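For reference, the structure is listed below as structure tokens.
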Amino acid sequence: MQSIPGSMTALQTAPNKKMPPRLPVIDRAQEKIVPNILWGLAAMTGLGTLAIIIPHLGLGGIGMGASGLVALMLFAAAGMTWHLVKRTRSESRQEVLLYEAFHSVLTPQLITDETGNLILANRAFRGWIDIGGQNAEAALESRFSATPAVAGEFGKVKLSLHKGQPGIAELPVVRGGKVIEWRRIVSRPIEAFPNYFHWRFEDISERRRMEKAMHDEQSKLVDFMAHAPVGIYSVDQHGLFRFVNKTLAEWLQVTPEELIKGDVRLHDVLREAPKGVAAHAVGTGPQGELRGEVVMRRRDGSMFPVAITQTVVATEDGKGLRTRSIVRDQSPEREWQQALSVSEHRFQRLFAEAPIGILLVDGKYTVMECNHAFHSIIHRPRGGIIGTGLSDLIAPADRKSMMAKLNEVLDGADQAKPMEIHMVGDREIITQVFVKRFGLAAKEASGAEQSGLMLYFIDATEQKHLQAQFAQSQKMQAIGQLAGGIAHDFNNLLTAMIGFCDLLLQRHKPGDQSFNDIMQIKQNGNRAANLVRQLLAFSRQQTLQPKVLSLADVLSELTNLLRRLIGAQIKLEVVHGRSVGLVKVDQGQLEQVIINLVVNARDAMPSGGTVTIRTRNHKQETHILRGQDDMPPGDYVVIEVADTGTGIPPENLQRIFEPFFSTKEIGSGTGLGLSTVYGIVRQTGGFVGVESTMGVGSTFIIYLPVHEGAEGVEVKPEETREDKPGPDLTGAGTILLVEDEDAVRVFSSRALRNKGYNVLEARSGEEAVEILNKDGDTVDLIVSDVVMPQMDGPTLYKHVRDKWPKIKVVFVSGYTEDRLREQFKSGETIYFLAKPFTLKQLAGKVKEVMEEA
């Protein structure tokens, strides 16, 4: 019994032994029960714990002497088991060692009572947390309250203790918003003293870091497996899926769970399962269990090709097997192969079907390859081109210059511009050639690289013809403008000539010796007027009176006249198509067109023959060139006039519509017949073409737009016919006559004065404005020329309309009314009289306008 106090005394007085700080006892009741608690803890943990804890009681601090301490220890020893009573004195030193071990342990430990007050704490605990004078459990709650979840877990530990049960938790210690460490809390009630608790706080930070690192690596591995760029799966010996990564599941349009938890087998997702093989095999043959190329089926029924490589291993129990399978989607590879094949095919087609001719020649100018367009250009089969010398394909006239240029390019010079050459063929072939030098991959025996040329040929034959046609069109347009200008000037002269003849005839009646001379002058003036009308028809500047007509009716009325014109030696046939559409044309001009063509056909058959007139409908789907004119798509009515005559020479086909061009003998024609046809048809909105074969005959084809409307709708005539009946052409009123041609003005003024009008004359528009400013209120009507120097007729009209809106204006011109109306866009009422006009026509138009309300 004396060993225990002795050990305590020795411990307390041992040199260089720093005793742990004494803990105050809370109250006297606690003082009495503390030794019992310590011995109970010793019973739980062994004698070492008791030896370690006793010095912490600080019994000397509460007035107990050495004898009292011995008595207390003896009292406690009475409650211990029989083996503790038999402890020898040598064990007291072991208690001291255990005491040192308790304070030396790195794991913080403490004892608290049921209220959370600190009873005892080892040195590691005090180094870990300084609770000061506060409640121990409160200090621990503060330490483990970083988040509601952490505080909740610590609360569960406390609750378990107070229920008499151990509590374990792994909680983070947070400082400054960061986790600085992890602690594993192990707490339990002390046996026989359930209101006192033992706490242990193990540092598990390193273990948690390792676990987190392992978890992160495992997550990365799982993520890699799930989202690998290849499919991964494992099936058992029955073909049932045991593992499927997300990539393969997405390819199959399912989830991994659907394959693993269901009864889907490997062969169920294949388009054609291999027959006579194991359920896990992916192909037939010796390697069928290890690899194969199969087609998998998606949920929506679509297919995709894959290549599968796998290994087969036995399960741990040896009763089954598992596969480790890698699936590679071959769709991109197949698409790439297909794209490559398509690309190669496309480039082959690009060469073969390029719209320009391509020729490959070697350094000796022998043709190695050519495409289809080149065949078409020279009209030779491929076999007749490959292996041929390039010079044999070039016309002799261009051969020398072409070969010299090719030599320069082959020597490294750049081609400055395309060359234009003629090729050898069954027709005239004009091509533009671009040349590019290239090096061949193959090498000669000497090691030098072979060189060759790539020639690009553009067939310019049609382009040259179009350029010639365009030049011809420009020429025709220039001739038309010239003809129109000449016609305008001639109309002024003819107006004066015919007008003065009318004035003379008023004084020289029939029977007068001068009457016949005057009539001859007038008749020749009228012939000249007809010639001018033909010029205007060619230049498309004549005045038309269109109405909706049926070609059948026009031809039936014209047939008898045509038979008389062609004579008995020539047969006339008229063939009408079915349901031929209506056209809107000037009937007189259309009749003139048909007459001119029939007369032309007659003259081409001096020994007799047949003239055939056909009508039919025609639907033009696309733009097409008719002669030198572009004919747009639409519905047309066709008139064909065909003969069985001598035909037209090819060199004349491009010129037959030129005015004054004729192949007839001098004096046999004016050369305006076909030009008049061309002008009338084009002014009507139609097109004309010709087909001719020497010795067979010619066919003129006229295309007139179909009119969508009722038949018989006429347009008001634009000029007053000379033979229009009128009871009286006299009148009264003041007329301002504006005309820059003196002869026309003198005739017109005399004619109007003879009919009773007061006439004011002006030589120009400016002079007319001056007269109007002076006597504008007395003027009833203005008769004005259209084309005049400086202020023309339309400008004068606009000036009059602004200041004297009630004055009416009659325009006279050698040009057409359509050309005049182009200058008025506001829908004004225009009165027009075409030159040349007679005295009656002038007087009748003036009275007609004067009498209008």
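The values are calculated or read from the model by the stated rules, or taken from the named source; none is laboratory data. Only a predicted model underlies this, so the values are computations on that prediction, with no experimental measurement involved. Cβ atoms come from the backbone with ideal geometry, glycine included; neighbour counts cover every protein chain shown. Only protein heavy atoms, including side chains, enter the accessible area calculation; ligands, DNA and RNA are left aside. Shrake-Rupley method; radii C 1.70, N 1.55, O 1.52, S 1.80 Å.
For Leu106, the criteria (1) open to solvent by 50 Å² or more (accessible area, probe 1.4 Å); (2) in contact (Cβ under 8 Å) with a residue 60 or more places away in the chain; (3) outside any loop (DSSP other than H, G, I, E, B) hold in every case but one, which is (3). Restricting attention to the range 340-374, and to residues there that are over 26 Å from the mean Cα position of the chain (by Cα) and among the hydroxyl-bearing types (Ser, Thr, Tyr), which single residue is surrounded by the most Cβ atoms within 10 Å (Cβ to Cβ)? Checking each candidate, the answer is Tyr365.
Ser784 meets each of the listed conditions (1) at pLDDT 90 or above; (2) part of a helix (DSSP H, G or I); (3) among the small types (Gly, Ala, Ser) apart from (2).
Among the residues making up the range 217-233, a single one is open to solvent by less than 10 Å² (accessible area, probe 1.4 Å) and of a type in the set (Ser, Thr, Tyr): Tyr233. Is it true that Glu333 is modelled with pLDDT under 85 and either open to solvent by 30 Å² or more (accessible area, probe 1.4 Å) or charged (D, E, K, R) (or both)? It is false that Glu333 is modelled with pLDDT under 85 and either open to solvent by 30 Å² or more (accessible area, probe 1.4 Å) or charged (D, E, K, R) (or both). The lone criterion from (1) outside any strand (DSSP E or B); (2) more than 15 Å from Phe434 (Cα to Cα) left unmet by Glu408 is number (2). The residue list Thr323, Thr284 contains one member that is over 38 Å from the mean Cα position of the chain (by Cα) and either open to solvent by 90 Å² or more (accessible area, probe 1.4 Å) or of a type in the set (Phe, Trp, Tyr) (or both), which is Thr284.
One line per residue, one yes/no per condition, for (1) in contact with a His (Cβ under 7 Å, 6 or more places away or on another chain); (2) outside any strand (DSSP E or B); (3) within 25 Å of Lys319 (Cα to Cα); (4) among the charged types (D, E, K, R):
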| site | (1), (2), (3), (4) |
| --- | --- |
| Met225 | no, yes, no, no |
| Ile232 | no, no, yes, no |
| Pro286 | no, yes, yes, no |
| Val294 | no, no, no, no |
| Arg299 | no, yes, no, yes |
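State whether the residues of the range 325-340 include one that is of a type outside the set (Val, Ile, Thr) and assigned to a loop (DSSP other than H, G, I, E, B). Yes: one or more hits. Of the residues making up the range 386-398, those that are touching a residue at least 24 places away in the same chain (Cβ under 8 Å) and either over 20 Å from Gly452 (Cα atoms) or in a loop (DSSP other than H, G, I, E, B) (or both) are Ala395, Ala397, Asp398. If I ask for residues that are within 60 Å of the chain's Cα centre (by Cα), outside any loop (DSSP other than H, G, I, E, B) and among the small types (Gly, Ala, Ser), which ones from the range 128-159 would you list? Across the range 128-159, the qualifying residue is only Ala149. Note on the range 269-281: residues that are without any contact (Cβ under 8 Å) to a residue 12 or more places away in the chain and open to solvent by 70 Å² or more (accessible area, probe 1.4 Å) total 2. Out of the range 234-255, which residues are farther than 18 Å from Phe304 by Cα, open to solvent by 70 Å² or more (accessible area, probe 1.4 Å) and either among the charged types (D, E, K, R) or assigned to a strand (DSSP E or B) (or both)? Of everything in the range 234-255, those that are farther than 18 Å from Phe304 by Cα, open to solvent by 70 Å² or more (accessible area, probe 1.4 Å) and either among the charged types (D, E, K, R) or assigned to a strand (DSSP E or B) (or both) turn out to be Arg242, Phe243.
Pairs please, first residue from the range 352-378 and farther than 16 Å from Gly425 by Cα, second anywhere and aromatic (Phe, Trp, Tyr) and open to solvent by 30 Å² or more (accessible area, probe 1.4 Å), Cβ atoms under 7 Å, 6+ apart in sequence or on different chains. Going by the 7 Å Cβ cut-off, the qualifying pairs are Ile356/Tyr456; Ile358/Phe351; Ile358/Tyr456; Asn371/Phe351. When the strands (runs of 3 or more DSSP E) confined to the range 160-210 are screened for residues that are without any contact (Cβ under 8 Å) to a residue 12 or more places away in the chain and open to solvent by 80 Å² or more (accessible area, probe 1.4 Å), those reaching at least 1 such residues are found at 167-175, 178-190. Please return the ranges of strands (runs of 3 or more DSSP E) entirely within the range 563-664 where 1 or more residues are among the polar types (S, T, N, Q) and in contact (Cβ under 8 Å) with a residue 24 or more places away in the chain. Per the criteria, 609-620. Among the residues of the range 392-410, what is the count of those that are of a type in the set (Ser, Thr, Tyr) and either closer than 25 Å to Ala352 by Cβ or buried (at least 17 other Cβ atoms within 10 Å of the Cβ) (or both)? Result for the range 392-410: 0. Looking at the range 731-746 only, could you name the residues that are in a loop (DSSP other than H, G, I, E, B) and either at pLDDT below 85 or open to solvent by 60 Å² or more (accessible area, probe 1.4 Å) (or both)? Matches in the range 731-746: Ala732, Glu741. Is it fair to say Arg563 is at pLDDT 85 or above and either surrounded by 13 or more Cβ atoms within 10 Å (Cβ to Cβ) or of a type in the set (A, V, I, L, M) (or both)? It is true that Arg563 is at pLDDT 85 or above and either surrounded by 13 or more Cβ atoms within 10 Å (Cβ to Cβ) or of a type in the set (A, V, I, L, M) (or both). Within the range 411-452, the set of residues being surrounded by 11 or more Cβ atoms within 10 Å (Cβ to Cβ), outside any strand (DSSP E or B) and at pLDDT 80 or above comprises Ala413, Pro418, Val424. For the range 747-781, enumerate the residues that are within 14 Å of Val846 (Cβ to Cβ), touching a strand residue (DSSP E or B) at 6+ places or on another chain (Cβ under 6 Å), in a helix (DSSP H, G or I) and open to solvent by less than 10 Å² (accessible area, probe 1.4 Å). Scanning the range 747-781 gives Ser748, Ser749, Leu752.
Each residue in the range 257-277 was checked for being under 27 Å from Ala226 (Cβ atoms) and assigned to a loop (DSSP other than H, G, I, E, B), and 5 of them qualify. Determine which single condition Glu258 fails, assuming it passes every other condition in (1) closer than 13 Å to Gln310 by Cβ; (2) open to solvent by 20 Å² or more (accessible area, probe 1.4 Å). Here Glu258 clears every test but (1). On the given criteria, is Gly511 small (Gly, Ala, Ser), within 30 Å of Val677 (Cα to Cα), open to solvent by less than 90 Å² (accessible area, probe 1.4 Å) and at pLDDT 80 or above? So Gly511 fails the test.
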